[in-house]
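Working notes, structure below.
The values are calculated or read from the model by the stated rules, or taken from the named source; none is laboratory data. It should be emphasised that the depicted structure is a prediction, and the values quoted were computed from it without experimental measurement. All Cβ positions, glycine included, derive from the backbone under ideal geometry; neighbour counts span all protein chains shown. Heads up: the accessible areas ignore ligands, DNA and RNA and are worked out on the full protein's heavy atoms, side chains in. Shrake-Rupley method; radii C 1.70, N 1.55, O 1.52, S 1.80 Å.
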Amino acid sequence: MKYVSTRGGAPELGFADVLLSGLASDGGLYVPTEWPELPPLGDDYAATATSIMSAYIGNDIPHQVLAELVRDAYATFRHPAVAPLVQIDDDLWIQELFHGPTLAFKDLALQVVGRLFDHVLAERSERVTIVGATSGDTGSAAIDAVKGCDNVDIVILYPHGRTSEVQRRQMTTVNSPNVHAVAIDGTFDDCQDLVKAMFADEQLREDCNLSAVNSINWARVMAQIVYYATASQSLAGSPTFCVPTGNFGNVLAGWIARSTGAPIDHLLIASNANDILSRFVNDRDMSTADVVPTLSPSMDIQVSSNFERLLFEMNGRDGGLTAEQLQRFRATGTLQVEEGEFAEWISSTFTAERVDDDQTLSEIGRVYRETGMLIDPHTATGTAAARRSDRSGAVICLATAHPAKFPDAVERATRIRPELPPALGDLMERPEQITRLAADLADVSAFVRQISRVGR
Ligand SMILES: *Cc1c(COP(=O)(O)O)cnc(C)c1O
């Protein structure tokens, strides 16, 4: 199995190189040279995950090694089905993707990706330093995924005072010498800019062997195909999936599952007030606006980086054209696509709904009144979008976070404060380890050099 860049100007690589490199050298994202057909379901979630991922990994990792690593990854989940389906109304289901160690769906991919990193690095006798910025969920999921890895040091920058307490504590209470949670005096965008600047520093990049596990990493998208495959085949007919969306990574995995043979009718994109994708799908208007903070912060994104992979397919895999469109998008803030292409590629597969904070709160209240269940605000944008959409047949909404991860919004809507699962019950008492730094490139780079074990 080989991979090509969406911008057509980088060498073809195998899976292990794609895993470690994250971004292609031409600035594009890696995709497989061809899409392998979806294999049949296995006996349980881990078995299905192994056979799906094996089709994308090829010979880079021996099958038995992969099977064990995947089984280990999903053994950290609190539910035996890993990603169970729960019915909440006629024709309306949620798929609970929050039973992993850090209570958000990102665990489904990152628990596997951390183990893949460790395996490939050990084989090559290499070390990396992962640096990343987070507004909350990615950082905690990435830290948990690599906390035991001998070959990885991780530095996660988060905006001081701007994450929820649960999110912060999930990053700062992991007592492991290779984990470094850094509170930056600044915003999430400042954190992201610092990470980009560190990657642009060739010397630092080489000295510390910098690596990334953000949502553009192909291995994350690959691991997310699995739950679309298991859920779509456990209901009769072809369900529609409704996906609370930020960076487009999750819904892209749904598109791949559908294109490679999973019985999926349609993909419904749920946006919050940051609705660039909804505007695009409904009005063909892809133009950026300022990010506004909402009750569903993990969807507060204006530039959905994984959309590039779909654009590349829409362009008939023409990397030059894709690079050109994206360059124009960056310069003008507007993406232009042909009407015919749009109808065939977007309208035939995607619809979208925008759900604001008031609607999110009333949806959390409604689900609680009707079912006794507490759902988190991200999930609620999905179920609200699904109820509003006029599509017939079963809809599966992806429940992307545990309600206890966003307790303030849930309490506002229901007057009930959701409790953490027992395994995390003492989170609020655990000692925190925090490094606090100014939003200063020299300071942050010096810190990364100091903790990195690359070359030692
Ligand atoms: C990351 C995240 C999302 C958005 O996922 P994308 O892959 O970026 O579209 C939605 N909900 C929660 C809880 C998340 O953590």
Of the residues in the range 239-253, those that are β-branched (V, I, T) and either more than 12 Å from the ligand (Cβ to nearest atom) or touching a His at 6+ places or on another chain (Cβ under 6 Å) (or both) come to T240
In the range 378-393, anything more than 20 Å from G237 (Cβ to Cβ) and open to solvent by 10 Å² or more (accessible area, probe 1.4 Å) is listed as A384, R388
Scanning the range 322-355 residue by residue, the ones that are within 17 Å of Q302 (Cα to Cα), open to solvent by 50 Å² or more (accessible area, probe 1.4 Å) and either part of a loop (DSSP other than H, G, I, E, B) or in contact with an Asp or Glu (Cβ under 7 Å, 6 or more places away or on another chain) (or both) total 2
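Checking the conditions here, which among I225, I256, I264 is open to solvent by 10 Å² or more (accessible area, probe 1.4 Å), more than 11 Å from the ligand (Cβ to nearest atom) and of a type in the set (V, I, T)?
Result of the check over I225, I256, I264: I264.
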Restricted to the range 1-56 and to residues being part of a strand (DSSP E or B) and hydroxyl-bearing (S, T, Y), the residue surrounded by the most Cβ atoms within 10 Å (Cβ to Cβ) is Y30
Here the residues within the range 120-136 that are open to solvent by less than 10 Å² (accessible area, probe 1.4 Å) and either within 16 Å of the ligand (Cβ to nearest atom) or in contact with a strand residue (DSSP E or B) (Cβ under 6 Å, 6 or more places away or on another chain) (or both) are V128, T129, I130, V131, T134, G136
Among I364, I396, I416, I375, the single one that is part of a loop (DSSP other than H, G, I, E, B) and open to solvent by less than 50 Å² (accessible area, probe 1.4 Å) is I375
Scanning the range 287-321 residue by residue, those within 16 Å of the ligand (Cβ to nearest atom) and not in a loop (DSSP other than H, G, I, E, B) turn out to be P297, S298, M299, F307, E308, R309, L310, L311
- Message: Among the residues that make up the range 343-353, is at least one of them touching a residue at least 60 places away in the same chain (Cβ under 8 Å) and under 30 Å from P418 (Cα atoms)?
- Response: yes
The residue that is farthest from N306 (Cα to Cα), considering only those in the range 228-240 that are touching an Asp or Glu at 6+ places or on another chain (Cβ under 9 Å) and open to solvent by 10 Å² or more (accessible area, probe 1.4 Å), is G237
Residue hits (the range 174-205; hydroxyl-bearing (S, T, Y) and within 22 Å of the chain's Cα centre (by Cα)) are T187
If we keep only residues of the range 202-222 that are polar (S, T, N, Q) and within 16 Å of the ligand (Cβ to nearest atom), then the residue most open to solvent (accessible area, probe 1.4 Å) is N214
A384 fails exactly one of (1) modelled with pLDDT under 95; (2) touching a helix residue (DSSP H, G or I) at 6+ places or on another chain (Cβ under 8 Å); (3) closer than 30 Å to C397 by Cβ, namely (1)
(1) over 22 Å from G27 (Cα atoms); (2) away from the ligand (no atom under 16 Å from the Cβ); (3) out of contact with any Phe, Trp or Tyr (no Cβ under 7 Å at 6 or more places or on another chain) all hold for A331 apart from (1)
Notebook entry, point to check: Do we find a residue being farther than 18 Å from A219 by Cα, open to solvent by 40 Å² or more (accessible area, probe 1.4 Å) and away from the ligand (no atom under 15 Å from the Cβ) anywhere in the range 104-119?
Noted result: no
